[in-house]
Structure formats: C-alpha cells, structure tokens
Amino acid sequence: MPRKTPETLRSHRWFGANDLRSFGHRSRALQMGHRYEDFMGKPVIAVINTWSEANPCHTHLRTRAEEVKRGIWQAGGFPMELPALSLSENFVKPTTMLYRNFLAMETEELLRSHPVDGAVLLGGCDKTVPGLLMGAISMNIPAIFMPAGPMLRGNWAGKQLGSGSDVWKYWADKEAGNITDAEWREMEQGIARSFGTCMTMGTASTMAGIAEILGFTLPGAASIPAADSGHTRMAVSCGVACVDMVWNDTTPKSILTKASFENAILALMAMGGSTNGIIHLVAMARRAGFELPLSEFDRLSHSVGVIANLRPSGEFLMEDFFYAGGFPAFFKQLLPLLHTNEKTVTGTTLAERYQDARIWNDNIIRPLDRPIAAGGSIAVLTGNLAPRGAVMKPAAAEAHLTQHTGPALVFDDYESMMRAINDETLDVTPDHVLVFRNAGPVGGPGMPEWGMLPIPKKLLKLGIRDMVRISDARMSGTSYGACILHVAPEAAIGGPLAAVRNGDLITVDVQNRILNLAISDAEMATRLAQWVPPKKPASRGYIRLHGAHVTQADEGCDYDFLEGNEALPEPEIH
Ligand code: FES
C-alpha cells in the first residue's frame with residue numbers, strides 16, 4: 001500500500017491548495033507549457049544536476065538528466081531539473097573539498113525551498129557524491145543517487161592507463177629523465193578517453209560504491225561505465241524508481257542505520273578505497289545521527305582484506321571491474337561480513353539484491369580468502385603528533401616504511417616545499433620524514449590533496465620512489481606511498497604538527513598504530529605556547545565562513561551549523 005496520496009504530497013502545498021499563492025504556482029507551471037494533468041496530483045521529482053562545462057566527468061549528465069526525466073514521466077511523476085554546483089575535481093582550486101559543504105547546503109536548500117517530493121541526484125566526480133548525499137540526508141525526502149559512472153580505460157603505447165595513479169607514476173619517470181616530452185604529450189591524449197569519472201579506485205569510484213552499499217542507488221548502478229548504453233537505461237530507471245519511492249515515502253533516514261554505515265566502512269576497506277572516503281563517511285553518518293569514530297575504521301579494517309584488484313592498490317581498472325561482475329559481484333563476495341538486512345531505496349535488502357550476483361572474474365573481484373592485500377588496508381595512527389588521529393594506507397606504501405624513524409624536514413607552505421623538492425642540492429636522505437603543514441581544513445583552506453608530497457628530485461634520480469610523508473592535508477584516492485594524512489588537530493589551529501622542527505625524530509609504527517615526535521611533553525607545550533598562527537587565508541567571503549565553521553578531519557570536516565539530525569522547518573508558503 002502506498003503511504004502517500006496526492007493530497008499528502010509535499011508539492012500539494014504549492015499546487016493543490018486553492019489560494020492566491022497556488023494560483024501563481026499553477027499559472028507559472030502552465031506558463032512553461034505544462035498541462036494541468038502533467039503536474040496536478042503528481043509527485044514532483046527534482047533532478048539535481050551537477051553538469052557543467054567545467055566538469056569533464058559530468059559531460060553526459062546533460063543528456064542523462066533528460067533520460068532520468070523520461071523515467072519520471074513514464075512512472076507518472078513530474079520532473080523539475082535544478083542545477084547545482086558542479087565541483088570539477090580537475091579545475092576547481094585550491095580544492096573541491098572547500099565547496100563540498102557548499103554543495104550539501106545547496107542541495108538541502110534547493111530541495112527545501114522548491115515544490116518537490118523526491119530527488120534524483122546526478123553526480124559522480126569526487127566531492128559531488130558526499131555533497132549531494134549529505135544534503136539529501138539532511139532534507140530527508142526520498143532521494144536516489146545516479147552515479148555518473150567511470151570513464152573508459154586509458155590507453156597509451158599499448159598500455160592501459162589509470163586516472164591519477166599512472167600520472168603520478170609516469171611523472172616520477174619523467175622527472176627522472178626516463179620519459180620524453182613527446183611521450184608525455186601522447187599520454188595526455190590517451191589517459192581520459194571518454195566522459196565519466198576517474199576509472200581507478202579513486203575517490204569517485206570509492207564514493208559511488210559507498211553510495212550503493214548505503215542503499216542510495218539501483219543495484220549495480222555504481223560500476224556501469226559512463227559510456228555504456230546500460231548507463232542510459234539505469235538513468236531512466238532512476239527516474240522510475242524515484243516516483244515509487246515518493247509514494248512509499250522511502251526517505252534516506254528510513255534506510256540508513258548504524259549498521260549500514262558499518263557496511264560502508266567494510267566496503268571501503270575491501271575496495272582498497274580512497275582515504276577521502278573516511279572523511280565523507282564520518283560527515284554523512286553525523287548528518288544521519290550516527291557517530292563514526294576513527295577507531296571504528298581501524299577496527300573494521302582488520303576484518304577484511306582488499307578484494308577489489310583495482311589500481312592504485314591492484315592491477316585493473318573500473319571497466320574491467322564492471323566486466324568481472326561490478327559492484328553486485330563485489331558485494332556478493334562481501335555478504336558474509338555485511339549486515340545483510342539493511343534496506344535500500346528500492347525496498348529490497350542487501351541480501352535480496354546481491355545474493356544471486358555472478359562473479360565472472362575472481363582475479364579482479366577476489367574471494368574473501370584470497371585478497372590482494374591483507375586486512376588493515378587503512379590504518380589510524382595516533383600519538384603526540386596526532387592526538388585525534390591520522391590515516392595511512394599501509395598497503396600503498398613500501399613495506400619498510402611502515403616501521404620507520406627519521407629526521408623531520410618541515411615545510412610550511414606549498415611554494416617553498418616545491419622549491420626545495422626541485423633543488424638538487426637539498427640536504428635530504430631517503431630516511432628523512434617530509435612534514436607538510438598548514439594544509440588542513442582551516443589552513444588549506446579546505447584540506448587540499450597535497451598529502452602525496454613529491455619525492456625530492458635528487459632522490460628520484462637515485463631511484464627512490466617512496467618516503468614517509470606527514471601532513472594535515474588529504475591525498476587523491478588515486479595516489480599512493482607512505483603518506484600519513486589528515487593529522488588532527490591541524491597545524492593552523494595549533495595542533496602538534498605546528499611544533500615540529502627540522503631534525504626532530506619522528507617515529508611511524510603502523511603495527512602499533514603510533515605516530516610520535518621524539519620530544520618531551522614539556523618541550524611540546526613550550527613550543528606550542530610560542531607558536532604564532534599563520535595568516536588567515538581570507539578576511540571576508542566564503543573562505544572566512546568556511547574557516548570559522550569547518551570541523552576537523554576526524555569529525556568529517558562538515559560545518560558545525562549544518563551538522564546534526566534535526567530537520568529544518570518547511571518553508572512558509574504565503
Ligand atoms: Fe572527476 Fe576524478 S576528476 S572523478
């Protein structure tokens with residue numbers, strides 16, 4: 001039995017009333033050429049579209065929006081497309097993370113202020129996924145996520161190229177003089193061959209998988225390549241499904257539970273997913289009323305190895321993953337570890353969705369007992385250098401660096417770091433620990449993906465490809481190396497990273513989850529008392545608001561005024 005009737009739809013307050021204002025709403029819908037029977041008594045479905053000409057990962061969302069609308073019409077709904085921030089990971093500087101909460105707020109307010117009963121959320125490029133979902137969770141009207149889908153595999157000189165990961169890899173070769181400028185230019189033309197998101201297990205693929213395991217997508221939607229005709233059919237089906245969701249009142253908070261977030265953490269670990277996923281999951285969970293302490297990620301990371309054989313941790317790309325069975329096959333492998341009764345937007349449980357999935361290639365989607373990397377793929381380190389935690393992907397680091405003590409080489413800003421890194425007379429050895437600070441949520445601002453600090457040129461030429469690097473920044477999900485990230489609290493607000501000096505000994509002990517600076521508590525206190533805060537990134541505008549309200553990495557970097565589980569009031573209609 002549908003739980004909603006035409007009279008109890010949210011949009012009825014705009015279109016169904018018989019007053020002065022509803023006259024205006026109806027007459028303006030008619031002005032756009034719609035007939036009464038198109039919208040009266042119909043679920044109005046927002047199509048929140050993050051398409052823009054600045055976002056190559058979303059090029060196809062202009063047409064996908066039309067396909068979603070086709071499904072909405074077919075199911076008896078009334079579509080209303082609303083554009084939202086596009087957050088192109090490529091072009092937005094210093095980082096899209098500065099605007100994730102902006103998109104979350106925009107999504108919530110678009111839905112709150114318009115006459116809509118449900119939403120299809122079109123996104124995929126990294127921060128668009130958590131931005132859209134956080135807003136939809138807070139608004140809590142029926143919402144389904146339509147993932148943009150990964151682009152086709154890259155191709156150069158007979159090799160398959162992966163977004164990001166292979167850029168970092170070959171850049172190191174270029175800097176070491178092993179790749180010519182002409183070859184580099186050829187790679188530039190071959191690495192991004194179609195619309196769609198990065199096709200490695202970077203942040204976009206990680207977040208798409210997380211959206212699916214949380215129940216926000218149609219089954220299998222998160223791994224369909226953007227250029228596959230199945231992606232178009234999935235878009236149409238999202239429109240159809242959302243109309244049903246409105247009648248059934250399937251809201252985000254009716255499907256999200258603490259257990260579904262635990263599932264998402266397990267999936268993140270088993271994907272070998274991006275460390276960014278941690279921050280976004282914490283933020284999304286808090287919007288739904290659940291706390292996810294970093295210790296929970298560390299605990300659950302021991303329960304499962306990495307079973308998706310995808311770069312940067314493994315060998316393959318998202319197109320291969322799709323042919324191997326995609327996320328349905330991946331979740332089927334994971335079922336024994338999941339809370340399988342958790343609900344999804346279509347009303348089915350995870351078990352019902354995935355128990356019959358087929359696995360076509362178990363080298364790409366491994367069984368639990370044959371992972372490509374053992375449990376503990378993401379480690380949470382704490383110590384006097386990171387009292388509230390820091391994260392690392394030990395599997396992506398050279399093994400000897402997971403147990404290391406070395407002298408610090410400290411950088412306070414990006415420009416001076418790059419100058420030093422490129423200076424072949426720099427006094428640095430492979431044992432040094434590179435420390436980069438003032439790049440956290442407040443200091444960055446927005447915690448840019450600068451955490452995979454470049455290896456000094458002098459060492460690259462000696463064949464060194466990994467070193468311990470510590471920062472309060474993030475790193476791209478396509479990056480790798482012994483990078484310790486998200487140090488909290490950050491240096492720009494007086495966290496202990498601010499106290500480090502060149503030559504101080506730093507110990508990284510992944511097995512015991514320790515990150516320590518070899519100075520006494522008294523010395524730490526003295527140094528921090530003498531600390532002078534860096535200049536604020538901006539004195540006015542959005543960046544000022546961001547700095548005043550963003551929380552630290554262990555809390556999800558949400559804005560303090562957007563957090564929480566309380567619904568905002570419905571707008572007055574006068
Ligand atoms: Fe858009 Fe990677 S740049 S997903």
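Neighbours of Thr180, meaning other residues whose beta-carbon lies under 15 angstrom from its beta-carbon, give a summed charge of -4 when Lys and Arg score +1 and Asp and Glu score -1.
In whole Hz, what ³J(HN,Hα) sequence does the range 363-369 give by Karplus (6.51, -1.76, 1.60; θ = phi - 60°), x for Gly and Pro? Taking θ as phi minus 60°, the curve returns 7, 8, 10, 7, x, 4, 8 Hz for the range 363-369.
Can you give the relative contact order of the range 167-267 as a percent, counting alpha carbon pairs under 8 Å and 6+ residues apart? Averaging sequence separation for qualifying contacts and normalising by length gives 24 percent for the range 167-267. Helical content alone sets the calculated 222 nm signal of the chain at -10500 deg cm²/dmol, taking -39,500 (n - 2.57) per DSSP H segment of four or more residues and averaging over every residue. DSSP assigns beta bridges within the range 427-538; of those with both partners inside it, close to 40 percent run antiparallel. Listed by chain and number, the aspartates and glutamates whose alpha-carbon sits under 14 Å from that of Lys4, ignoring those within fewer than 8 places in the same chain, are Asp117, Asp244, Asp249.
Protection proxy ranking for 521-530, 168-177, 469-478, 384-393, using the average of other Cβ atoms within 10 Å per residue and placing the highest first: 469-478, 384-393, 168-177, 521-530. For the chain, the antiparallel share of DSSP beta bridges with both residues in that region comes to about 40%. Database remark: amide H of Phe78 closer than 5 angstrom to the amide H of Val44, Ile45 (H placed geometrically; neighbours at sequence offset of 5 or more, or on other chains; Pro and chain starts carry no H). In this structure, Arg28 and Ala538 have a Cβ-Cβ separation that, at R0 = 51 Å, corresponds to a calculated FRET efficiency of about 0.85. For the range 109-170, taking Cα atoms only, Rg and Dmax work out to 17.2, 53 Å respectively. Counting only DSSP beta bridges whose two residues both lie in the range 346-445, roughly 50 percent are antiparallel. Once the chain from His302 to Ala182 is taken as fully extended at 0.36 nm per residue, the excess over their C-alpha distance is 38.7 nm. Distances between placed amide hydrogens fall under 5 Å for Gln552 paired with Cys557, all partners being 5 or more residues away or on another chain.
With the Kirkwood sum run over all distinct C-alpha pairs, the range 223-317 has a hydrodynamic radius of 15.6 Å.
Per-residue Karplus couplings for the range 480-489, computed as 6.51 cos²θ - 1.76 cosθ + 1.60 with θ equal to phi - 60°, are listed in order as 7, x, 7, 9, 9, 10, 6, 4, 10, x Hz, Gly and Pro entered as x. Near Ser194, the amide H atoms lying under 5 Å from its own belong to Leu152; only residues 5 or more places off or on other chains count, and H is placed 1.01 Å from N.
Extending 7 Å from Cα along the Cβ direction at Leu528 and again at Arg419 yields two label points whose distance is 3.0 nm. Within straight-line reach of Lys174, meaning a Cα separation under 15 Å, sit the following aspartates and glutamates at least 8 residues removed in sequence or on another chain: Asp166, Glu183, Glu186, Glu188. Working value for the chain: equivalent-ellipsoid semi-axes of 41, 26, 22 Å, each the square root of 5 times a Cα gyration tensor eigenvalue, largest first.
Listed values for the range 229-243 are Karplus-derived 3J(HN,Hα) couplings in whole Hz (6.51 cos²θ - 1.76 cosθ + 1.60, θ = phi - 60°), namely 5, x, 5, 4, 5, 4, 4, 4, 5, 4, x, 4, 4, 5, 5, and x replaces Gly and Pro. Treating r as the C-beta distance of Asn90 and Met40 and R0 as 35 Å, the FRET efficiency rounds to 0.25. Based on C-alpha pairs under 8 angstrom that are at least 6 apart in sequence, the chain has a relative contact order of 14 percent. In the frame of its principal axes, the range 375-426 has Cα extents of 39, 25, 18 Å, reported largest first. Cross-link check: pairs Lys253/Lys343; Lys169/Lys457; Lys42/Lys127 evaluated at a Cα-Cα cut-off of 20 Å; pairs beyond the cut-off: Lys42/Lys127. Of Ala192, Trp168, Ala143, whose Cα points farthest to the positive end of the dipole of the range 131-208 (charges on the beta-carbon: +1 Lys, Arg; -1 Asp, Glu; origin at the Cα centre)? Among Ala192, Trp168, Ala143, the one farthest towards the positive end of the dipole of the range 131-208 is Ala143. Think of it this way: in the chain, Cys198, Cys238, Cys242, Cys483, Cys557 stand alone, with no other Cys Cβ under 4.7 Å.
Every number here is computed from the coordinates shown, using simple stated rules; none is lab data. What you see is a predicted model; the values in this text were computed from it and never measured. A quick note on method: Cβ atoms are made from the backbone with ideal geometry, for glycine too, and the neighbour counts reach across all protein chains shown.
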